[in-house]
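The values are calculated or read from the model by the stated rules, or taken from the named source; none is laboratory data. On a predicted model such as this, the values are computed, not experimentally measured, just so you know. We place every Cβ from the backbone using ideal geometry, glycine too, and count neighbours over all the protein chains shown.
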Amino acid sequence: MSGFQRKLTLNLFDCTYKKSEDYGPLSDIETDRIIIFDTTLRDGEQSPGASMNMDEKLRIAKILEAMGVDIIEAGFPIASDGDFEAVSEIAKTIKNSTVCGLARATKMDIERCADAIKHASRGRIHTFISTSPLHMEFKLQMEPGAVLEKVKESVTLARNLCGDVEWSAEDGSRTEHDFLCRCVETAIDCGATTINIPDTVGYAVPNEYADLFTMLFDRVPNVDKAVFSVHCHNDLGLAVANSLAAVQVGARQIECAMNGLGERAGNAALEEITMALKTRSDYMPFTTNIDTTLITKASKLVSTITGFSIQPNKAIVGANAFAHESGIHQDGMLKHASTYEIMSPESVGLGQSKLVLGKHSGKHAFSVKLKELGYDLGDDAIKNAFKRFKDLADLKKDVFDEDIVALVDDQVVRVNDRLKLKSLEINCGTVHCPPRAVLELEIDGDSKTCDSTGDGPVDAAFNAIKELFPHRAHLQLYQVHAVTGGTDAQAEVTVRLAEDGKSVNGQSADTDTMVASVKAYLNAINKLLVKREKTAPSALSA
């Protein structure tokens, strides 16, 4: 029995895990190439309010593949039949990216995950277990020895079912170093090809997190047999900084999500990670496979599908990210763009409009504009979108790019909704008390109509929906903002509904605020119907 194996028979926290001068990260993982692992479809979907059906997940997966994302974490197959089917369909569809599924350290989870990714050109099983004293005592209620045995069992099983296995130490940044070293070495010995050390609760600071990886590289003897990964949450706003700090000492995979979507305050934002590496290559000489010109398109798609609006001052993809109002800034920009822009709008796919569209524009010009905005629609979809564009152009003097994005996303994203708006009539104002809404909905193909009142026009319309489609969900958020400037701007409405501890966001846009409000509410209900199918397995975080 080796010295290391003998130590395992002792108290795991009392043993001193000696540093080995003979081992460190090998040259084959000391490359300049950073692997981008996107978890928008898994950790991102765990965000309160976010929920996606299979078609929506496929759309996001396709654009992630087009961007050059190396690994797409498609979901958590054991969570529900819908999640399993979505992961399976993505595995069948995606050819250029590795498709990954998440699994707890149980036989049922791992076998379900393997079944979901079996058709992938390249598949990965990502299994995890908590390793911090706090999580082991209160969440798992397991002794360290039992956790270490679970690591061995789960990774061995996963490797027997799939050649590419990632193991994660949940709450790794708060794990005792000696125990973390043992778990990492065991996972690698059992066949893990990627080791992820998450900052699950966003507690770490950059130097501390980098030192954690340096410690592992110095002390774990078989680090040369695996790629090391980071998965940082943004509770202290340090997710991107922590991820980059770990990369600088040898980590070579970054787990992130579009728009920083994820549990609580979210994950490290893919767009911030990739643009930081690209813009500051002088200081961080690393490359990724990401086509950054697709960032804006991917960001808008994720925002539309999840119903999570992007804050205006959000780095890279916010509406103000390339806006300049200060006179001093504008003067500098006119003289030389780099005075106040460290990257160009074009580098993230935010180009200037070359076509101004209005009610006299033809179908060809509209089709060119769609391609310019990154849409690749079929003939029927273009025909339907063009009709809606003409209707919009009759109401607005100028149709901006943002208007077309809102119009097309509203059309494409809602195609599989069970509840659809047929017609709406609102009577309100000083002479109408109480306000009244006459609503016609299509519910699972059948048309239903009702007449309802409320404290205001929005309340009356929402009461009508409840009458036609009874439900227990209550309204948590109702938010309206203009897509563009001007009194004829489209209103973009966000609605959040909550039911039995589950919340979803719905979003829609229309020049009529009331129509947008009803469509957003219906979108939220449709998402809630998807969410009802999902379970919430214990120890879901990673």
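For this structure, a couple of remarks:
- Any helices (runs of 4 or more DSSP H) falling wholly within the stretch 48-138 and containing at least 1 residues that are over 17 Å from the mean Cα position of the chain (by Cα) and aromatic (Phe, Trp, Tyr): 81-93
- Some residue of the stretch 168-186 being assigned to a helix (DSSP H, G or I), of a type in the set (Val, Ile, Thr) and closer than 22 Å to ARG124 by Cβ: yes
Quick grid of which residues meet (1) under 22 Å from LEU529 (Cα atoms); (2) at pLDDT 85 or above:
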residue	(1), (2)
ASN11	no, no
GLN46	yes, no
ASP55	yes, yes
LYS62	no, yes
GLY68	no, yes
ILE71	no, yes
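- ARG124 among the basic types (Lys, Arg), buried (at least 22 other Cβ atoms within 10 Å of the Cβ) and at negative phi: yes
- Selected residue (only one of THR193, THR200, THR186, THR214 is closer than 16 Å to PHE128 by Cα and over 26 Å from the mean Cα position of the chain (by Cα)): THR186
- Condition check for ALA323: assigned to a loop (DSSP other than H, G, I, E, B) and either at positive phi or modelled with pLDDT under 80 (or both): yes
- Search result, residues across the stretch 250-275 that are part of a loop (DSSP other than H, G, I, E, B), crowded, with 24+ Cβ neighbours inside 10 Å and of a type in the set (Gly, Ala, Ser): ALA251, GLY262, ALA268
- Those residues of the stretch 227-249 which are crowded, with 21+ Cβ neighbours inside 10 Å, without any contact (Cβ under 8 Å) to a residue 60 or more places away in the chain and closer than 20 Å to GLU185 by Cβ, in sequence order: VAL230, ALA246
- Options LYS519, LYS466: the member that is among the basic types (Lys, Arg), in contact with a strand residue (DSSP E or B) (Cβ under 7 Å, 6 or more places away or on another chain), assigned by TED's automatic domain parsing to the domain that holds LEU419 and assigned to a helix (DSSP H, G or I): LYS519
- Any hit, the stretch 411-421, residues being closer than 23 Å to LYS531 by Cβ, part of a loop (DSSP other than H, G, I, E, B), of a type in the set (A, V, I, L, M) and modelled with pLDDT under 95: yes
- GLU440 being under 26 Å from LEU529 (Cα atoms) and not aliphatic (A, V, I, L, M): yes
- Considering the stretch 332-382, the residues that are acidic (Asp, Glu) and outside any loop (DSSP other than H, G, I, E, B) include one that is modelled with the lowest pLDDT, namely GLU372.
- Matching option when the condition is acidic (Asp, Glu) and exposed (fewer than 14 other Cβ atoms within 10 Å of the Cβ), among ASP459, ASP391, ASP403, ASP409: ASP391
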